[in-house]
Each structure stands twice: as C-alpha cells, then as structure tokens.
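Since the structure comes first, as structure tokens, the remarks are kept for the end.
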Amino acid sequence: GVVTFVTRVAFLINKRFRPPKRVARYLPLIGPAVLAAIAVPGIIAPRGEIAWVETVPAVVAALVSWILWRVSRQTWVGLLGGLLTWWGVLALLAVLGFPH
C-alpha cells in the first residue's frame, strides 16, 4: 500500500515531473493487482485452507457477481447477485447434507 501511494502521489506533487513511460504504463495496473492479492485468497481459501464446501460457494458467487457487474455495469447488482448466489449455494449444500 505504501509503495502504491508513494508512486502515485510523487507525480501529483510536481506537475513537471512525469514517470518514465515504462513505469507509467504499469501504474494503472497496481490497484487491480493489490485488490486481486487481497480478494483471491479469501475466495479460494475462505478460512485459510481450501475446503470444497467453503471454496465452491465463494468461487461461484464471485463468478456470478463478476458476470452480473459486466452485464449491468452496476456495482450493487453484482454485489447483491453474488451475495444471494453465495447464500443459495450454501443452502443447497446444507440441504444436500454437506456440513458447514
């Protein structure tokens, strides 16, 4: 987070100072990379380990959330759809007898 902040703010302090083109090309990718580094482990291993009963609902919900967001371009639609999907898959697994 500190590196991201420093690299972005350094170019805002002095308007004449611009990052080299090689660096500037990658600056927009820092935010998504940090977000992925935070989110992916929580989706793949929700409680610190990969367990079928916990990983599958999280992965399915994340995919549904992403698809809904891509189609609607509305963040709330993706979030609500993903949350409802997660609850639905958890309920389905409970009905099928998988412990949570």
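Observations, loosely collected:
- Solvent accessible area, Å² - Val34, 1.4 Å probe, full protein context: 60
- Across the chain, the mean sequence separation of Cα contacts (distance under 8 Å, 6 or more residues apart), normalised by length, yields a relative contact order of 18 percent.
- Answer label for Rg and Dmax of the Cα atoms in Å (calculated), chosen among [x] 13.6, 42; [y] 19.0, 64; [z] 14.5, 49: [y]
- The chain: most fluctuating residue of Thr75, Thr55, Thr85 per GNM, C-alpha cutoff 10 Å: Thr75
- Restriction of the chymotrypsin sites (Phe, Trp or Tyr not before Pro) in the range 14-83 to DSSP coil positions whose beta-carbon has at most 14 other beta-carbons within 10 angstrom yields Phe17, Tyr26.
- Between the listed residues Trp52, Pro41, Pro20, the Cα displaced farthest toward the positive end of the dipole of the range 1-54, a dipole computed from Cβ unit charges relative to the Cα centre, is found at Pro20.
- Given 15 as the ceiling on other Cβ atoms within 10 Å, longest exposed-site-free region of the chain for trypsin sites (Lys or Arg not before Pro) in DSSP loops: 74-100
- Taken per residue, the accessible surface of the chain reaches 77 Å², heavy atoms only and a 1.4 Å probe.
- Percent accessible area from carbon and sulfur atoms, the chain, protein chains only, probe 1.4 Å: 74
- If R0 is taken as 25 Å, the Cβ-Cβ distance between Leu83 and Arg8 corresponds to a FRET efficiency of 0.20.
- Residue-level accessible surface for Leu92, protein heavy atoms, 1.4 Å, Å²: 100
- 222 nm mean residue ellipticity, helices alone, for the chain (DSSP H n ≥ 4; -39,500 (n - 2.57); rounded to 500): -24000 deg cm²/dmol
The values are calculated or read from the model by the stated rules, or taken from the named source; none is laboratory data. Since the structure is predicted, the reported quantities are computational estimates derived from the model, not experimental observations. As a convention, Cβ positions derive from the backbone with ideal geometry for all residues, glycine included, and neighbour counts pool all protein chains shown. Accessible surface is based on the protein model in full, side chains and every heavy atom, while ligands, DNA and RNA are left aside. Shrake-Rupley method; radii C 1.70, N 1.55, O 1.52, S 1.80 Å.
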